[in-house]
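Student: First the structure, which I've put down as structure tokens, then a few questions once you've had a look.
The values are calculated or read from the model by the stated rules, or taken from the named source; none is laboratory data. Just so it is clear, the structure is predicted and the values come from calculations on it, not from any experiment. Virtual Cβ from ideal backbone geometry, glycine too; neighbours counted across all protein chains shown. Note: areas computed on protein heavy atoms with side chains; ligands, DNA, RNA excluded. Shrake-Rupley method; radii C 1.70, N 1.55, O 1.52, S 1.80 Å.
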Amino acid sequence: MTRKKKSPAPERQGHVDGMCAIYAVLNACKLLFDHSEIQDLKLFKELCRRNPGLFPRIVYAGTEVGGVASLLATAKDWIWREHRKELRFTRPARRKSFESPELFFAFLRDYAAPRNKGEKTSAIIGIDHPWDHWTTVRSIGARRVVFFDSWRFPSRAAFDYFSLGGDDWEQKALLAYRQTFVLRAQLLDEPTPYRRRSGS
């Protein structure tokens, strides 16, 4: 008796390619500036065209933190030309240590909080084992993180889904937390303080 052969499933973005860094930058900018599909396409083209040194390796092997920084620098220039707004990015955890994912996400939630009414923020984080992936953070709550992802990474995950490299790292998603980027954009013009004119 022969068994029916299982039909093949199609490959999708992220199965065999390493383009998640480009998508993470694209999605972070989409969250901050509410980009249309046409603007997404224009920025995607700019990210690829202005970073020839990342290709072709990024297509099949992805990129590390330096590649993401290069993509963000390209996005910063493009955002200025497209919106006349400044995109700023930092790596606030690069020299920090945390005892648990909860403490890391509490730090990131506080650090990435908008500093004024007109500011929007986002973050890009690296996930090592088993994903080997860059993803975009939409928001961080009291116990879970919400993602804006290009692939099949969970759209939301509790803090205990992650590990920082302890004994449980093989059973959980390993956070490369020192690679985290926080993005800031001032979307509304900051009001100029009213100054009362003094008489002469």
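Student: If you place +1 on the Cβ of every Lys and Arg and -1 on the Cβ of every Asp and Glu, how big does the dipole about the Cα centre of the chain come out, in debye to the nearest 20? It would help to have the intermediate numbers written out before the result.
Tutor: Numbers: 35 positive and 23 negative charges, 119 e Å.
Dipole magnitude for the chain comes out near 580 debye.
Student: Roll a 1.4 angstrom probe over the protein heavy atoms and tell me the percent of accessible area of the chain that is carbon or sulfur. Write down the numbers at each step before the final one.
Tutor: Numbers: 6320 of 12600 Å².
In the chain, the share of accessible area belonging to carbon and sulfur is 50 percent.
Student: So with the 1.4 Å probe, I'd like the accessible area per residue for the stretch 19-187, rounded to whole Å². Intermediate results must be reported in sequence, preceding the final value.
Tutor: Working: 8660 Å² over 169 residues.
On a per-residue basis, 51 Å².
Student: Largest first, what is the accessible-area ranking of 168, 110 with a 1.4 Å probe? Don't skip to the answer; put the middle values down first.
Tutor: Values: 168 55, 110 115 Å².
Heavy-atom accessible area, descending, gives 110, 168.
Student: Just one of [x] 16.4, 49; [y] 19.8, 104; [z] 17.0, 51 is Rg and Dmax of the Cα atoms in Å calculated from these coordinates, so which is it?
Tutor: Here the calculated entry is [y].
Student: Using the structure shown, list the pairs from 30/117; 42/96; 85/117; 120/172; 45/120 with a Cα-Cα distance above 26 Å, or answer none.
Tutor: Where the Cα-Cα span goes over 26 Å, the pairs concerned are 42/96; 120/172.
Student: Turning to a different aspect of this structure: Under the rule a/c < 1.5 gives rounded, and otherwise a/b versus b/c splits prolate from oblate, where does the stretch 20-109 land using the Cα gyration tensor?
Tutor: Values: a/c = 2.14, a/b = 1.41, b/c = 1.52.
Oblate shape, in that a/c is at least 1.5 and b/c is the bigger or equal ratio.
Student: Out of 188, 164, 26, any idea which swings most in a Gaussian network model of the chain, alpha carbons joined below 10 Å?
Tutor: Comparing 188, 164, 26 in the GNM, the peak value goes to 188.
Student: Tally Lys/Arg at +1 and Asp/Glu at -1 over every other residue whose Cβ is under 13 Å from the Cβ of residue 76; what's the total? The partial results should precede the final answer.
Tutor: Numbers: positive: 50, 81, 84, 85, 88, 184; negative: 46, 77, 82, 86.
Neighbour charge sum, excluding residue 76 itself: +2.
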